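First comes the structure, then the notes that go with it.
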Amino acid sequence: QLTLDAVEPLGSEYVRDMKQAFDDRWIDVYPNPGKRSGAYCNGSCYDVHPYVLLNYNGQYDDVSTLAHELGHAMHSYYSNQAQPYATADYATFVAEVASTLDEALLMHHILQQIDDDQIRLSLLMNQLDGIKGTVFRQTQFAEFELAIHERAESGQPLTGDVLTEIYGDILKRYYGHEQGICQIDDRYCIEWAYVPHFYYNFYVYQYSTSFTASTCLSERILQQEPGAVADVKRFLSAGGSDYPINILKDAGVDMLSSEPFDRTMAVMNRVMDQIEAILDKAEAASAG
């Protein structure tokens, strides 16, 4: 119910169609013996409907994951309805836009319902950590990915020690190690070895671009900008009918401009301001 309530700004049609996922059993909900972990949406069944896999345990993160996977489901559902089979599938560049949009709407809805400062602080820290993990960390990953490909293309060897050195240098720069902002232990420099995305071709940066695009869309929706909801519906129905940059631009998000990033930074600053206000209030109360 929280998820359905959260997406109400997208209109009654969107809520109705998402409710189908619950009513018509599109979702494998609970953990079971032998079931794979995590969560996943498969929307490639063109003539049927998307299928969602969850391992739901009733925590906030599980509700957020549900909203995320249903965002994927609705993206596939509308694209499959509007597009012929050949252009129904959407590019990876836009694959995380609908999912993170629904997450953002859920977070906004939950924060509107809760007055308890400690719970709000937990949620706001969760939101801030999500921005850090998606925008900054994935960009850091992408920089490493670029560096190792450039090294390979120049004919230089890529040993484990070399990969650790390259990753460590980038990691320490991103976290301000030399400036004493955040000390990075050497053991973290081998983190590259367990990130599966580095064995694909340039995937991780698209988490960052999708997140900034969805933030731009969610801000337009929540600020009730004229035409924002129609733009989102058009985006969800576009599938792979055009280049992803053009599809997003048609939805009011120009990824060749700084606006999506600027709006994301504005949201991040707003979240930090709210966190600091709660901490200041708590400090004042303890001092009094």
With Ile119, Ile110, Ile131 as the choices, which residue is assigned to a helix (DSSP H, G or I), open to solvent by 50 Å² or more (accessible area, probe 1.4 Å) and either touching a strand residue (DSSP E or B) at 6+ places or on another chain (Cβ under 6 Å) or of a type outside the set (Phe, Trp, Tyr) (or both)?
-> Ile119
When the range 232-249 is examined, which residues are found to be under 15 Å from Glu13 (Cα atoms), open to solvent by 10 Å² or more (accessible area, probe 1.4 Å) and of a type outside the set (Lys, Arg)?
-> Ser237
Sort out which residues of the range 16-47 are over 20 Å from Ala98 (Cα atoms) and open to solvent by 80 Å² or more (accessible area, probe 1.4 Å), and write them in order of number.
-> Asp23, Asp24, Arg25, Tyr30, Asn32, Pro33, Gly34, Arg36, Ser37, Asp47
Looking across the range 250-262 at residues that are touching a residue at least 12 places away in the same chain (Cβ under 8 Å) and in contact with a Lys or Arg (Cβ under 9 Å, 6 or more places away or on another chain), the single one that is surrounded by the fewest Cβ atoms within 10 Å (Cβ to Cβ) is Asp250
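Each row is one residue, and each column tells you yes or no for (1) closer than 30 Å to Glu225 by Cα; (2) touching a Cys at 6+ places or on another chain (Cβ under 8 Å); (3) of a type in the set (Ser, Thr, Tyr).
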| site | (1), (2), (3) |
| --- | --- |
| Gly11 | yes, no, no |
| Val29 | no, no, no |
| Pro33 | no, no, no |
| Ser37 | no, no, yes |
| Asn42 | no, no, no |
Scanning for something assigned to a helix (DSSP H, G or I), open to solvent by less than 70 Å² (accessible area, probe 1.4 Å), in contact (Cβ under 8 Å) with a residue 24 or more places away in the chain and not aromatic (Phe, Trp, Tyr), does the range 151-158 turn up at least one residue?
-> no
Going through the range 249-266 one residue at a time, which ones are part of a helix (DSSP H, G or I), touching a helix residue (DSSP H, G or I) at 6+ places or on another chain (Cβ under 7 Å) and over 10 Å from Thr212 (Cβ atoms)?
-> Asp250
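Yes/no matrix, rows are residues, columns are (1) touching a residue at least 24 places away in the same chain (Cβ under 8 Å); (2) over 20 Å from the mean Cα position of the chain (by Cα):
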residue	(1), (2)
Gly38	no, no
Cys41	yes, no
His49	yes, yes
Val63	yes, no
Gly71	yes, no
Tyr77	yes, no
Pro84	no, yes
Thr87	yes, yes
Tyr90	yes, no
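The values are calculated or read from the model by the stated rules, or taken from the named source; none is laboratory data. Quick caveat, the model's predicted, so the values are computed rather than measured. Reconstructed Cβ throughout: ideal geometry from the backbone, glycine too, with neighbour counts over all protein chains shown. To get the accessible areas, we keep the full protein, side chains included, count just its heavy atoms, and leave off ligands, DNA and RNA. Shrake-Rupley method; radii C 1.70, N 1.55, O 1.52, S 1.80 Å.
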